[in-house]
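Novice: Quick one: the structure is below, questions incoming.
FYI, it's all coordinate maths here, none of it is from the lab. A quick note: this is a predicted structure, and the numbers were derived from the prediction, not measured. Positions of Cβ are generated from backbone atoms using ideal geometry, with glycine treated the same way; all protein chains shown enter the neighbour counts.
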Amino acid sequence: MIKKLRDWMIDCANIMFDDSKSDIRSLPKAVRLQILIVLSFVWTTVFSLYVFSVTTFIWGWAGLVMAHVGLIIAVYITFKFFHKADKEKKSVFETGNFNPAKIFVVFFLIFFIFIFTKGIQVLTKTQSYSIKYDGPEKTTLQRIKDFVK
């Protein structure tokens, strides 16, 4: 079961990021990344309009956009690192190759976690209004009886 899930995830990543299997392989890499980011903006906006209220829309939308962009970039970098590591078979600790891109990925993941937790905080907020509402003055049965009279 785990192997099937792993193979499915690799196939999905290959569709987007492998140059020989992607349907948009004829486009430059920068354009392909731009297409993925634009699609994430579109779907984030659709989801945010459906889920968030007016008062929490911008925070929820911003959190989701950052999460999508971060996820796309993180998956892309991870996929490339694994393919590179599969070809070279050397550990970064043996070579001492601590380049800025790898350090950036670590800091970006920390920032990504912060944005994601802010989005969760917005989603789990209990009340966005300061005016307390205790419900209707009459129960449903009382309103039905008043209507029937």
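Novice: Distance cut-off 24 Å, Cα to Cα: go down the list Lys4/Lys29; Lys29/Lys80; Lys4/Lys80; Lys102/Lys125 and report the pairs above it.
Specialist: Flagged as over cut-off: Lys4/Lys29; Lys102/Lys125.
Novice: Here is a further query. For Tyr50, Tyr76, what's the fewest-to-most ordering of other Cβ within 10 Å of each Cβ?
Specialist: On the way: Tyr50 7, Tyr76 17.
In increasing order of surrounding Cβ atoms, one gets Tyr50, Tyr76.
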